[in-house]
1. Which members of the stretch 61-87 meet the condition of being in contact with a strand residue (DSSP E or B) (Cβ under 7 Å, 6 or more places away or on another chain) and assigned to a helix (DSSP H, G or I)?
2. With Arg237, Arg231 as the choices, which residue is modelled with pLDDT under 95, among the basic types (Lys, Arg) and crowded, with 18+ Cβ neighbours inside 10 Å?
3. Looking only at residues in the stretch 400-412 that are touching a residue at least 60 places away in the same chain (Cβ under 8 Å) and either open to solvent by less than 10 Å² (accessible area, probe 1.4 Å) or assigned to a loop (DSSP other than H, G, I, E, B) (or both), which one is farthest from Arg442 (Cα to Cα)?
4. Against the condition assigned to a loop (DSSP other than H, G, I, E, B) and of a type in the set (Phe, Trp, Tyr), how does Phe244 come out, does it pass?
5. Could you figure out which of (1) of a type outside the set (Asp, Glu); (2) under 23 Å from Phe322 (Cα atoms); (3) open to solvent by less than 50 Å² (accessible area, probe 1.4 Å) isn't true of Ile355?
6. If only one of Leu108, Leu129 is in contact (Cβ under 8 Å) with a residue 60 or more places away in the chain, among the aliphatic types (A, V, I, L, M), in contact with a helix residue (DSSP H, G or I) (Cβ under 7 Å, 6 or more places away or on another chain) and under 22 Å from Ile169 (Cα atoms), which one is it?
7. Only strands (runs of 3 or more DSSP E) wholly contained in the stretch 131-232 count here; list those with 2 or more residues that are hydroxyl-bearing (Ser, Thr, Tyr) and under 22 Å from the mean Cα position of the chain (by Cα).
8. Quick test for you: out of Gly187, Gly141, Gly179, pick the one residue that is in contact with an Asp or Glu (Cβ under 8 Å, 6 or more places away or on another chain), among the small types (Gly, Ala, Ser) and within 21 Å of Gly109 (Cα to Cα).
Amino acid sequence: MPTRISTFRIAVAAVASLALFVPSAAAEGQRSGAARARPNVVLIITDDVGYGDLGSYGARDVRTPHIDRLAREGVRLTDFYAAPQCTPTRAALITGRYQQRVSLERALGANKASLEAGLPATGRTLPQLLKNAGYATGLIGKWHLGYRPEFSPNAHGFDYFYGFLSGYIDFYTHTRSDGLDDLFENGVAVRDSGYMTDLITTRAVRFMERYATRPFFLEVAYNAAHWPFQRPGHPTRAANNGAFQGPGDSSPATRADYVAMLEHADSGVGKLMATLARLGLARNTLVIFTNDNGGEWLSRNAPLFHRKDTLWEGGIRVPAIFHWLGRFPAGRTLATPGITMDLTATVLGATGTPIPGNFDGRDLIPVLAGTASLAERPLFWRIDVPVRQQRAVRRGRWKLLIDGDDTLLFDLTSDIGERTDVAFMHPVVVRELLALLSVWEREVDAESGKSARSGRGPGA
C-alpha cells in the first residue's frame, strides 16, 4: 500500500482487468456517435530498445506478440528516426520541432545545470493543443523534460501525469540517480509499491477507463528497457541506480535480464489494447508504438551499426508502428523516412486539430492510409559535446555523416549497415548535403540564441 510522504497525497494503485484484444460489436456501441467521431490516440514509447528487438523487426530471442500484433494489423515503418538520446527525442515530440530550437540536445541529468533546465511551456505544445481542442490529455511514465514546476507535464497541457521526471529510475524503489525519490502524480510526490512497468500499465488502464466517454490523448512512456536492468519479479536483485551498468562491470547484467524487461513491457501493451477493446474504443483509437532512441549495449540493433548516443543508424533509427482498425491497411510495411516530429503532426492531423505552421513534422495519415506519398525532404541530427562531434543529414537514399573529422556518405537503400563509404563516388551529393546541413544549423542555432555551436549541454 502507498504511504504518505509529509503532506503529500496518497496514490492508490489499481489492478487492470484483461479483456479480449478484438472488440465486440456490443462494446463498440457503448459510445455515442458524437464521441466516436473524434478518435482517441494512445502513443506508446519504450526506452533504449534496439531496432531489431521486436519480432516484427527480426528478433528471434524476444517474444513481443502484442507489439507484433499491432504491426500485423497496422502499418510498420522501416525507416523511422528519433534523436540519439531521450530528452532530445521527447522535446521534439512535445514541440513538433527540432530539439535544437529549444536547446535540448542532450539528456538532462541530475547535475545542477540539468536540474535548472527544461522545456518552457509556450501554450503551443502537443498536449496543450489537444487540450484546447477538447481532448483529455494524460502522460503515464517518463517525462525527462525538466524538474521545475514550470517545465512539468501539467504545465504543458497534460491533465494528468503519473510517473517520473528524470531519465531513469530504480524499477522497485523509484529513486533516481542521486538517490532521491522520483515518482509523482500531478506534481505531488508519492510512494507506490510495485514494479515500474506494472505501475505505468495500471495507471494507463485507469486513465482510459476514466475518459472512455470523451476523446483522449494518452502517452504511455515506459522506462523499459532502460538500465538499471532489473527483471520483473526480482526485487532483491536491486541494481545501483546511481551508476551506469556496462559490460565491464564485475557482475554485468545479461541479455536475459533485458529480454525479460522488454517482454514484460510487451505484456503491458497487450493489457492496454485489451482495455481499448473492452471499453469499445479499439476501432476509434489510433495506437502508435515507437522507441526514443537506439538501443544500448544489451540491445539488438541489427542490421544497423552502432547504438544509442551516436548518429550512426543504430543510434537514431527506431521501430514505428501505426495501428488504426478500419483506417490503415493491415500488414503494410513502408520504407518512407519519418522522424519524431512527424508523430506530433500525425496526432494533430488524426484528431482534426490544426497543425502550427512552424512545425518541422509532417502529418503521415495520408501516407499510412495509402492515399498519398510523402514528398522527399532532408532530415537532420547533431551531437555537439567535447567527447563526440557528429552531424548527419538524410535525403532520400543518401545519408551524410560527419563523425569527428571524417565526412562519410552512405547509400542506405543498399547499405543499411553503413559499411561502405561512397563519398568519393558522389562528390556532388556530398556538397549538396553539406550545404543543406549548414543552412539547417544556422537556422536552428539562430532561433535558440546559440550563435555558434558551443559544446557541452546541461546533461552531458
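1. Answer for the stretch 61-87, where residues must be in contact with a strand residue (DSSP E or B) (Cβ under 7 Å, 6 or more places away or on another chain) and assigned to a helix (DSSP H, G or I): Ile67, Leu70, Ala71, Glu73.
2. None of the others qualify; the one that does is Arg231.
3. Only one residue fits best here, namely Leu412.
4. Details: assigned to a loop (DSSP other than H, G, I, E, B): yes; of a type in the set (Phe, Trp, Tyr): yes.
Taking the combined requirement at face value, the residue satisfies it.
5. With (1) of a type outside the set (Asp, Glu); (2) under 23 Å from Phe322 (Cα atoms); (3) open to solvent by less than 50 Å² (accessible area, probe 1.4 Å) applied to Ile355, the lone miss is (3).
6. Within the list Leu108, Leu129, the selection yields Leu108.
7. On the way: elements: 136-142, 160-164, 216-221.
The qualifying strands (runs of 3 or more DSSP E) are 160-164.
8. Values: Gly187 fails: in contact with an Asp or Glu (Cβ under 8 Å, 6 or more places away or on another chain); Gly179 fails: in contact with an Asp or Glu (Cβ under 8 Å, 6 or more places away or on another chain).
Unique residue meeting the criteria: Gly141.
The values are calculated or read from the model by the stated rules, or taken from the named source; none is laboratory data. In this text the structure is predicted, and so the values were computed from the model without any measurement. Cβ: placed from backbone, ideal geometry, glycine included. Neighbour counts: every protein chain shown. With ligands, DNA and RNA removed, areas are computed over all heavy atoms of the protein, side chains included. Shrake-Rupley method; radii C 1.70, N 1.55, O 1.52, S 1.80 Å.
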